[in-house]
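What follows is a single structure, written as structure tokens, with notes after it.
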Amino acid sequence: MRRHLPAAGRLAAAGAISLLGGCSMVLFDPKGDIGVQEKNLILIALGLMLLVVIPVIALTLYFAWRYRASNTGAKYAPTWAHSTTIEVVVWAIPCLIVATLAVLIWKTTHSLDPYKPLESDVKPVRVEVVALNWKWLFIYPDYGVASVNELALPVDTPVDFRLTAESLMNSFFIPQLGSQVYAMSGMQTQLHLIANSTGTFAGRSSAFSGPGFSDMNFSTVVRSRGDFDAWVARAKASPQALSVAAYDVLQQPSRKNPVALYSNVAPGLFDGIAFQYMRDASGRPICTTATADMMVKPARLPSHAALVSE
């Protein structure tokens, strides 16, 4: 039996390593300024915490060895109860670390606020994000185009995101650009990011939203400004227009949707989606744009009679 134990151990270790083969440290390979700041924050916080963890582990091993039963030379002091030096070390160092972390978190909470616009001389690109079941819709209001499961961005350009969800709550996350923000039905959230390198970066949902959750991924394609303008032109030439009727078809639950481009996006579509459940006291939809009232889907809104009865 004992002969098989080393072989079983090696087999278990090999299996564990093979399972880790698909892991990647994308959070530590940021491609944007926000991602770099968040990486630095993680490393600084980790280093400060290790200042406590490593000495405690080292001292535990040292004491176990120093005061082992076979070491008759170790001093035996059964009545020892207090040491001012030890008390100072045990309390002062953790207090300093906690104070440093508190200041660090206070500063970064404000500097990395996802709602805070990025300072730049370049005009930001606005993108309206809708989490559908189970795909992502990206609307570019300044260009009148949209895409499904592909987010195109120009390099070195701030991006102002507005996010909402059609139904189930979701979470929008591009690990290499930094931050993740929830997208919730009936409301909107914001996020500001920038990509400082060209390339294709993975985007995903980081909140479980049902059976299609594992397929709810998208590609973030960062291009030069010229290539981004060419992508916009290609989207404007798409034969598929994103009207209200087309959106009603698109928002139906589906999985593993291919990338799709849309032209002629209905004005106010995002506001109509975000405010589709909102009504005033008279039962009329509440929207933020003049045309968004037409985008609200009455079938999904509670009737005025139902509101009164509640």
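Quick notes on this structure:
- All positions within region 234-252 that are part of a loop (DSSP other than H, G, I, E, B) and of a type in the set (Gly, Ala, Ser): 237, 238, 243
- In the set (1) of a type outside the set (Lys, Arg); (2) surrounded by 14 or more Cβ atoms within 10 Å (Cβ to Cβ); (3) under 17 Å from the mean Cα position of the chain (by Cα); (4) modelled with pLDDT under 95, residue 137 fails one condition alone, (4).
- Residue within region 117-125 that is in a strand (DSSP E or B) and in contact (Cβ under 8 Å) with a residue 12 or more places away in the chain present: yes
- The requirement of being outside the structural domain of residue 167 (by TED's automatic domain parsing), surrounded by 10 or more Cβ atoms within 10 Å (Cβ to Cβ), touching a strand residue (DSSP E or B) at 6+ places or on another chain (Cβ under 8 Å) and within 20 Å of residue 177 (Cβ to Cβ) is satisfied by residue 118.
- Scanning region 184-214 for residues that are part of a strand (DSSP E or B) and more than 15 Å from the chain's Cα centre (by Cα) yields 185, 199, 200.
- Taking the criterion of being in contact with a Lys or Arg (Cβ under 7 Å, 6 or more places away or on another chain) and modelled with pLDDT under 95, the only residue of region 113-134 that qualifies is 134.
- In region 32-77, residue modelled with the highest pLDDT [restricted to those that are among the polar types (S, T, N, Q) and over 26 Å from residue 110 (Cβ atoms)]: 60
- Any hit, region 160-175, residues being assigned by TED's automatic domain parsing to the domain that holds residue 259, in contact with a Pro (Cβ under 8 Å, 6 or more places away or on another chain), within 23 Å of residue 227 (Cα to Cα) and assigned to a strand (DSSP E or B): yes
- Search result, residues across region 66-94 that are surrounded by 10 or more Cβ atoms within 10 Å (Cβ to Cβ), in a helix (DSSP H, G or I) and of a type in the set (A, V, I, L, M, F, W, C): 88, 89, 90, 91, 92, 93
- Odd one out for residue 157 among (1) surrounded by 24 or more Cβ atoms within 10 Å (Cβ to Cβ); (2) in contact (Cβ under 8 Å) with a residue 40 or more places away in the chain: (1)
- Selection status of residue 181, hydrophobic (A, V, I, L, M, F, W, C) and either in contact with a Leu (Cβ under 9 Å, 6 or more places away or on another chain) or crowded, with 23+ Cβ neighbours inside 10 Å (or both): yes
- Restricting region 126-149 to residues that are of a type in the set (Phe, Trp, Tyr) and assigned to a loop (DSSP other than H, G, I, E, B), the residue that is farthest from residue 271 (Cα to Cα): 134
- Pairs, first in contact (Cβ under 8 Å) with a residue 12 or more places away in the chain and closer than 16 Å to residue 219 by Cα in region 161-179, second part of a loop (DSSP other than H, G, I, E, B) and among the charged types (D, E, K, R), C-beta under 6 Å, six or more apart: 176/31
- Listed by first and then second residue, the pairs with beta-carbon distance under 7 Å, at least 6 apart or on different chains, first residue in region 219-234 and in the same structural domain as residue 137 (by TED's automatic domain parsing) and in contact (Cβ under 8 Å) with a residue 24 or more places away in the chain, second among the basic types (Lys, Arg) and surrounded by 13 or more Cβ atoms within 10 Å (Cβ to Cβ), are 231/223.
The values are calculated or read from the model by the stated rules, or taken from the named source; none is laboratory data. This one's a predicted model, so the numbers in the text were calculated from it and none came from an experiment. Don't worry about glycine lacking a Cβ; one is built from the backbone with ideal geometry, like all the others, and counts go over all protein chains shown.
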